[in-house]
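Where a number appears in this text, it was derived from the coordinates with a stated rule and is not lab data. Note that the structure is predicted; figures quoted are calculated from it, not measured. Backbone-built Cβ (ideal geometry, glycine too); neighbour counts: all protein chains shown.
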Amino acid sequence: MNTDYPSKGEPDQVTLRLSRTEVTRLVNEELHRSALSIGVMVITELLEDEVKRLCGERRRRNEKRQGYRYGTQPGYVVLGSQKIRLARPRVRTRDCKREVQLEVYRRLQQTDVIDQAVMGRLVRGVSCRNYRGVIDTIRESVGVSRSSVNRGFVRASEQRVGQFYARRFEGTRLVAIFIDGVQFKRQTVIVAIGVTAKGSKVVLSVRQGATENAQVCMDLLEELRQRGVCTEVPTLFVLDGSKALRAAVERVWGECAVVQRCRLHKMRNVRAYVAEDLWGEVLNQMRAAYAEKEITKARRRLMTLARWLDRVAPAAARSLREGLEETLTVSSLRLPAKLARSLTSTNVVESPFERVRSVTRRITRWSGDMRIRWSVTALLEAEQRFIRISGADCVDKLTAALDRLALSTQRRSA
């Protein structure tokens, strides 16, 4: 006798082996599709109810009707951050001279919702040509072509950039500001990230320029002052070593600027002048010097290294001596080791840009303010996931050390 089930001892013809993760994913996708289907049915009923209020019941006389049914035409509504295709009912006035706008349909066509969703997916690493692969799988989805995604992203990101540059900082004490110029698509993007008195990190400003020239740096710092950043309190600046940036900081903040040169940039600069077989020894000596708790010991080790480099690589010795004291600024403040390590490099700026480069790796044409829009958008996304600076519970000690340093500077000047 034939049966649809296998007999005992007979192996199944098809065996499905799904992991718990796969089962969860499939269930979630099915639930989402079901929810969207139900949503489409509800919207259809809402539209029909509004048509009924305007035109009355089908095939019945109604002297109070405001219009007549006029068939349907293809339309869409925004549901679940997607454009969902449906047949839009049409209504004409009683004299049939103009069309009546359906209020429910108008409300369900708000495009700012889908623009934000498109932007969020793009920032998370989805290129335009792959957008259809990540949008929820449903037949009614429309508006996911490359051109529509780009337009949506531009509208939403422009709005976000405007909000970013409208931020104000009155009343916010910034104890440290990291500024670095990052190479991005053959242009230099200068980024400033501040650290508040509570140890939180906040993106302050972004500027684009061909290089880190003095004018771009001055514009960035002047803009921060105009947006409420106080330039009359001692502030630690962690810089990448650009002379233009250093001069701009000194000009805007004056004696209130305490500069720490990025140690990683210093190591890279020295390495450029050292033979490959000597680099391991030079790197170990520089790390050991920067790890010293006492500034005098650190300075002594670096000067010893510079004298040795005078014999084997004179250019490297000159690079090491240039700005040497400013690489030891944090050591002179006598901060807890955990906090001090966080304030000696500009990694706070460079790390978020790895995300920007990953997201934009497939974009080949850059024009206008595209770099700024992408940079600001990605940095704001990263800002939402920023954790407090390492050693944040000791930031008050940094504030006290800066105040002491400013006081001693004033006494020497007097």
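Results, tabulated for the structure shown:
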{"item": "Region 171-413 - Kirkwood radius from inverse mean 1/r over Cα pairs (Å)", "result": "18.9 Å"}
{"item": "Relative packing of 304-317, 226-239, which averages over residues the other C-beta atoms within 10 Å, highest first", "result": "226-239, 304-317"}
{"item": "Set of lysines near LYS297 by C-alpha distance (under 20 Å), chain-local residues within fewer than 8 positions excluded", "result": "LYS266, LYS338"}
{"item": "Highest average packing first - 82-93, 384-395, Cβ atoms within 10 Å", "result": "82-93, 384-395"}
{"item": "Amide proton proximity set for LEU204, modelled H, under 5 Å, gap of 5+", "result": "ALA192, ILE193, GLY194"}
{"item": "Cβ crowding within 10 Å averaged over residues, with 100-108, 193-201 ranked highest first", "result": "193-201, 100-108"}
{"item": "Under Karplus coefficients 6.51, -1.76 and 1.60, residue-wise ³J(HN,Hα) of region 224-240 in Hz, glycine/proline x", "result": "4, 5, 5, 8, x, 6, 6, 9, 10, 10, x, 9, 7, 10, 9, 10, 8"}
{"item": "Where a label projected 7 Å from the Cα of ARG173 along Cα→Cβ would reach, residues of region 258-278 with amide N under 18 Å", "result": "258"}
{"item": "Label-point separation in nm, LYS185 to ARG227, each point 7 Å along Cα→Cβ", "result": "2.0 nm"}
{"item": "ARG357/GLU63 FRET efficiency (R0 60 Å; Cβ-Cβ; nearest 0.05)", "result": "0.30"}
{"item": "3J(HN,Hα) from dihedral phi, region 297-302, Karplus parametrisation 6.51/-1.76/1.60, rounded to Hz, x for glycine, proline", "result": "5, 5, 4, 5, 5, 5"}
